[in-house]
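Comments concern the structure below.
The values are calculated or read from the model by the stated rules, or taken from the named source; none is laboratory data. Because the structure is a prediction, the values reported are computed rather than measured. Here the Cβ positions follow ideal geometry from the backbone for every residue, glycine too, while neighbour counts run over all protein chains shown.
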Amino acid sequence: MISITQPAAKWYIKELDLSDGDAVRFYARYGGHGGLHRGFSLALAIEQPKDPVFHTESLGITFFVEESDAWYFEGYNLHIKYKRKHEEVEFSFEPTENANSND
């Protein structure tokens, strides 16, 4: 699952000069720091979804993850919030309720 607060969506609209109907893809990239998996980090691109596994819409913008990147988020929900103090967005990865089940 992916969720985004309206202040975070507004930040993306302003920073990326997005228009109604645009879409932002979150994906795993090789390299960087602070990701869920060692050696990978979270990246984004402005593009339309092709095969989204998670998506949400806020303020006319679609935020999504493609099926090909589902492995990166497996067992976690991605939450995106705006941090007014630092004037930037913050990502949090929260385990899904069934992340530890052995079904």
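So, restricting to strands (runs of 3 or more DSSP E) that lie completely within the range 38-96, which ones have at least 2 residues that are among the charged types (D, E, K, R) and more than 15 Å from ALA28 (Cα to Cα)? Please lay out each step first, then the result.
Values: elements: 40-46, 52-58, 61-66, 76-83, 88-95.
Those strands (runs of 3 or more DSSP E) span 76-83, 88-95.
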Give the residues of the range 26-40 that are at negative phi, modelled with pLDDT under 80 and not charged (D, E, K, R), sorted by residue number.
TYR30, HIS33, GLY35, LEU36, HIS37, PHE40
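So which of PHE73, PHE54, PHE63 is at pLDDT 95 or above and surrounded by 16 or more Cβ atoms within 10 Å (Cβ to Cβ)? I'd like the intermediate steps shown before the answer.
Working: PHE73 fails: at pLDDT 95 or above; PHE54 fails: at pLDDT 95 or above.
It is PHE63.
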